[in-house]
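Worksheet: the structure to be examined is printed underneath.
The values are calculated or read from the model by the stated rules, or taken from the named source; none is laboratory data. Everything numeric in this text was worked out from a predicted model, so none of it was measured. Cβ sites come from the backbone with ideal geometry, for glycine too, and all protein chains shown count toward neighbours. Remember, those area values only see protein heavy atoms, side chains included, never the ligands or the DNA or RNA. Shrake-Rupley method; radii C 1.70, N 1.55, O 1.52, S 1.80 Å.
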Amino acid sequence: MSPDPNLVACLERHGQGHLLAWWNELTDAQRVRLQAEIAAIDFDQLRGLIDELVRGESAASIEPERVKPVEVMRQPQTDGQRVARRRATEIGAEMLAAGEVGLIVVAGGAGTRLGFDGPKGTFPIGPVSSASLFQIHAEKIVALGRRHGRPMPLYVMTSPENHAATIAFFEANHRFGLDHVRYFTQGQMPAVDRDTGKVLLAGKDQVALSPDGHGGTLAALAAPGPDGASSCLDEMRERGIQTLYYFQVDNPLVQIAGPAFLGLHRQAEAEMSFKIIERLSPDEKLGVVVIVDGCPLVIEYSDLPPELAGLREPDGRLSLWAGSIAIHILERPFVERIVGESHLPFHRAIKKVPYVDETGRTIKPAEPNGVKFEQFIFDALPKAKRWAIVETDRSSEFEPLKNAVGPDSPATVHQRMSDLFGNWLEQAGATVPRRADGSIPFAIEISPLFALDAQELKSRLEPGLVVERPIYLH
């Protein structure tokens, strides 16, 4: 079996002929695999990325004087503001009851940093029940559907590595009672050598590929389904879905399709909206939502100049305080416009990438040797004609699961969930013990199927409950 002559010519034209260096040693099955991976690469696009992000500068710097704080819809403080927020909540509830909202969860990650073998969404995180991240999210969606009289479809973005395992997990659990679940796969990009720009081989028959970033969600939604099936966007249009609620799988506290956020988005006639929290410190690892030359955008924390990151107001608060927590609302026509007209920009990430060297040995580098190309979902914000930036409370909606120990670990997530549910119980009239620092001294968990929020819990509990030990209400 000889390689496709057109493919050979393409590789030679782009200086990537080394990808076929081991062709004569491969079996026919391996050759088919390698040729398919190479054929899927857009080498014209890749050459531009190499010129810009490998051989050129990684990013254009932003002059500090051009950066201004973004206008944020703060949490209500006055009676008038609370009345206005209730009206927004009513509008959001109408959207949910009309079946206009679809849900997207980004779940392509593995549990590697957690020391867990499997898709991150399958990690058991319930403080008492050990319910998985997927189960917690799914139960919120089921409960929302019951509350508003309309089940909501869930679109799960996987990676090629965890796609089959994710589907198997959902199906083994009867999709956790969800009415409609559709799985779609994140795109991939080849990794290249940071010095030469050559595409790396993960094996003699395998290109070194990596996910194209959470910004790849938009293109993946537009891609045809298996066996020529319609794309997710086409399906959404057919189902009458106008508004997409985007969140990431690793945050079990996310208030999925919160009616107030949906309503504020709709009132602003926004094409894209963000939930944000107040950054705690100049070096907190959150993208910062700002205004540059009148346009909203997000600056990655690693790209924010120190003089801007630490800039403070007279009261001591950070001037650029709006931290993005990857909870977004996007209008479906806006997504269709982006994928139809252009692609989101790529960013470079310098990483350790195992590769096959010129002698055929697999090298596991001790230092970063490769460049991966990623898109970020927040780069869609500058393309929006209208937007809304809405503040939420960190303690009730943001505690991501990322590390095995330390910050953003199972221990911190369990504590934050227990504290939140303890607050709900106290609002319902229960007595809950606390440590000196105000935290709950044992695990507390409330299934979304029992109560979706503090108000619903209050309607279900008789006052006077005394909580003295771990409790799971479900």
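What to note about this one:
- Members of segment 92-119 found to be among the small types (Gly, Ala, Ser) and without any contact (Cβ under 8 Å) to a residue 24 or more places away in the chain, listed by number: Gly111
- Out of Ala443, Ala404, sole residue that is in contact with a Pro (Cβ under 9 Å, 6 or more places away or on another chain), crowded, with 17+ Cβ neighbours inside 10 Å, under 26 Å from Thr122 (Cα atoms) and among the small types (Gly, Ala, Ser): Ala443
- Cβ separations smaller than 9 Å between residues 6+ apart or across chains give the following pairs from segment 303-315 residues that are open to solvent by less than 30 Å² (accessible area, probe 1.4 Å) to residues that are basic (Lys, Arg) and at pLDDT 90 or above: Ala309/Arg279.
- In segment 271-285, the residues that are aliphatic (A, V, I, L, M) and open to solvent by 10 Å² or more (accessible area, probe 1.4 Å): Leu280
- Residues being over 22 Å from Asp193 (Cβ atoms) and touching a residue at least 40 places away in the same chain (Cβ under 8 Å) - total across segment 4-25: 0
- Every residue from segment 185-206 that is under 13 Å from Leu34 (Cα atoms) and either of a type in the set (Asp, Glu) or out of contact with any strand residue (DSSP E or B) (no Cβ under 8 Å at 6 or more places or on another chain) (or both): Asp205, Gln206
- Residue within segment 43-62 that is in contact with a helix residue (DSSP H, G or I) (Cβ under 9 Å, 6 or more places away or on another chain) and not in a loop (DSSP other than H, G, I, E, B) present: yes
Yes or no, residue by residue, for (1) part of a helix (DSSP H, G or I); (2) modelled with pLDDT of 95 or more:
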{"site": "Ile91", "(1), (2)": "yes, yes"}
{"site": "Leu96", "(1), (2)": "yes, yes"}
{"site": "Gly102", "(1), (2)": "no, yes"}
{"site": "Asp117", "(1), (2)": "no, no"}
{"site": "Val128", "(1), (2)": "no, yes"}
{"site": "Lys140", "(1), (2)": "yes, yes"}
{"site": "Leu144", "(1), (2)": "yes, yes"}
{"site": "Val156", "(1), (2)": "no, yes"}
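- Considering segment 106-141, and only residues there that are under 26 Å from Gly216 (Cβ atoms) and of a type in the set (D, E, K, R), the residue that is surrounded by the fewest Cβ atoms within 10 Å (Cβ to Cβ) turns out to be Asp117.
- Test: residue in segment 196-219 that is under 24 Å from Glu341 (Cα atoms) and either of a type in the set (D, E, K, R) or in contact with a Pro (Cβ under 7 Å, 6 or more places away or on another chain) (or both): yes
- Residue within segment 199-217 that is out of contact with any Ser or Thr (no Cβ under 8 Å at 6 or more places or on another chain), in a strand (DSSP E or B) and either acidic (Asp, Glu) or at positive phi (or both) present: no
- Members of segment 342-390 that are of a type in the set (S, T, N, Q) and open to solvent by 60 Å² or more (accessible area, probe 1.4 Å): Thr359, Thr362
- Residues of segment 192-233 that are of a type in the set (Val, Ile, Thr) and crowded, with 17+ Cβ neighbours inside 10 Å: Val192, Val199, Val207, Thr217.
- Restricting attention to segment 260-314, the residues that are part of a helix (DSSP H, G or I) and either touching a Pro at 6+ places or on another chain (Cβ under 6 Å) or over 22 Å from Tyr245 (Cα atoms) (or both) add up to 7.
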